[in-house]
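Contents: one structure, followed by commentary.
The values are calculated or read from the model by the stated rules, or taken from the named source; none is laboratory data. All figures in this text were calculated on a predicted structure; none of them were measured in a lab. Quick reminder, even Gly has a Cβ in these numbers, built from the backbone with ideal geometry, and neighbours come from all protein chains shown.
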């Protein structure tokens, strides 16, 4: 690798994991926070605040929908995950302040999701990403994601719950999108079952659909919240079963994401493991605390406490950043 190429690698890693520069990462890298007003007994505010995402300072289209700048050949793109999170962020702010402008942004995101729901090759309704993305394997456009399905459902259900009868389109779209969260990848869905020592196999919702699967932790958990929301809103027994199985899979496998000094981003299957960036390590901590609230199980919160302890040690933070950067250089 030439000195110039190596410099570009390090520059990209620095921007991604330390947080400098303006790119699509400007949207993702906010301060992760639990929403203290969210509840597990009814469909209310979303479980994380996404406060900074509500006021995203990047690009918007003529209709006011956020677009992310991936630079280079990809350029400006709609990302359905980002649009759902932006909508959820503004929904939280609307519930907090009652500002009509926040509600209109919530509806704008929901309207975009309704208009851009597409059928995949198996006839299931999904939100596609219409650009290639280099992951372990290049994800060729159009590609879809369990994370997009879960958070899109979460937003549409909330938009429907606070709209008049003419907005039945939100419920209808949520019902269509939810089906992918109930079907295995081979059937056009986003679920993966693997071998487990337990009677039931592990049940994962995959953020990126690759073979073998990588079980990205943050995407799995956020997608589970969409399933939980569907159960809260619709009383769907199948949704509760998927959520319960997924939650048990999470709890039984958290040790696989624990290095003893930091959390893993995914199960990469490589000799050098893919550690979470400092940002995603913080996301994991918040997500696990929310999972304890939703499940009534103290074990995820206990792991969150352990991982928060890891983050307090400067040596751990430095080691994690170095190993994360090395992984990106060697793998993807």
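Please determine, by comparing only the residues of segment 252-279 that are out of contact with any strand residue (DSSP E or B) (no Cβ under 8 Å at 6 or more places or on another chain) and part of a helix (DSSP H, G or I), which one is surrounded by the fewest Cβ atoms within 10 Å (Cβ to Cβ).
Per the stated criteria, the residue is 255.
Any residue in segment 105-132 that's without any contact (Cβ under 8 Å) to a residue 40 or more places away in the chain: show its pairings with residues that are outside any strand (DSSP E or B) at Cβ separation under 8 Å, as long as the two are six or more apart or on different chains.
Within 8 Å, the pairs are 116/78; 116/80; 116/128; 118/128; 118/142.
What single numbered condition from (1) part of a helix (DSSP H, G or I); (2) out of contact with any strand residue (DSSP E or B) (no Cβ under 6 Å at 6 or more places or on another chain); (3) under 26 Å from residue 209 (Cα atoms) fails to hold for residue 249?
The number of the failed condition is (2).
Hey, could you check segment 76-104 for residues that are under 30 Å from residue 139 (Cβ atoms), surrounded by fewer than 24 Cβ atoms within 10 Å (Cβ to Cβ) and touching a residue at least 24 places away in the same chain (Cβ under 8 Å) and say which is farthest from the chain's Cα centre (by Cα)?
Top of the filtered list is 77.
State whether one or more residues within segment 50-58 are out of contact with any helix residue (DSSP H, G or I) (no Cβ under 9 Å at 6 or more places or on another chain) and either surrounded by fewer than 16 Cβ atoms within 10 Å (Cβ to Cβ) or free of Cβ contacts under 8 Å to residues at least 60 places away in the same chain (or both).
Our first condition is that a residue be out of contact with any helix residue (DSSP H, G or I) (no Cβ under 9 Å at 6 or more places or on another chain); within segment 50-58, this holds for none.
Within segment 50-58, not a single residue is out of contact with any helix residue (DSSP H, G or I) (no Cβ under 9 Å at 6 or more places or on another chain) and either surrounded by fewer than 16 Cβ atoms within 10 Å (Cβ to Cβ) or free of Cβ contacts under 8 Å to residues at least 60 places away in the same chain (or both).
Can you spot a residue in segment 174-185 that is crowded, with 23+ Cβ neighbours inside 10 Å and either in contact with a strand residue (DSSP E or B) (Cβ under 6 Å, 6 or more places away or on another chain) or part of a loop (DSSP other than H, G, I, E, B) (or both)?
Start the filter on segment 174-185 by keeping residues that are crowded, with 23+ Cβ neighbours inside 10 Å, which leaves 174, 177-178, 180-181.
Okay, now just the ones that are also either in contact with a strand residue (DSSP E or B) (Cβ under 6 Å, 6 or more places away or on another chain) or part of a loop (DSSP other than H, G, I, E, B) (or both), so 177, 180.
Looking through segment 174-185, at least one residue is crowded, with 23+ Cβ neighbours inside 10 Å and either in contact with a strand residue (DSSP E or B) (Cβ under 6 Å, 6 or more places away or on another chain) or part of a loop (DSSP other than H, G, I, E, B) (or both).
Tell me, please, whether a residue that is at pLDDT 95 or above, under 13 Å from residue 189 (Cα atoms), assigned to a loop (DSSP other than H, G, I, E, B) and out of contact with any helix residue (DSSP H, G or I) (no Cβ under 8 Å at 6 or more places or on another chain) can be found in segment 121-140.
Checked segment 121-140: at least one residue is at pLDDT 95 or above, under 13 Å from residue 189 (Cα atoms), assigned to a loop (DSSP other than H, G, I, E, B) and out of contact with any helix residue (DSSP H, G or I) (no Cβ under 8 Å at 6 or more places or on another chain).
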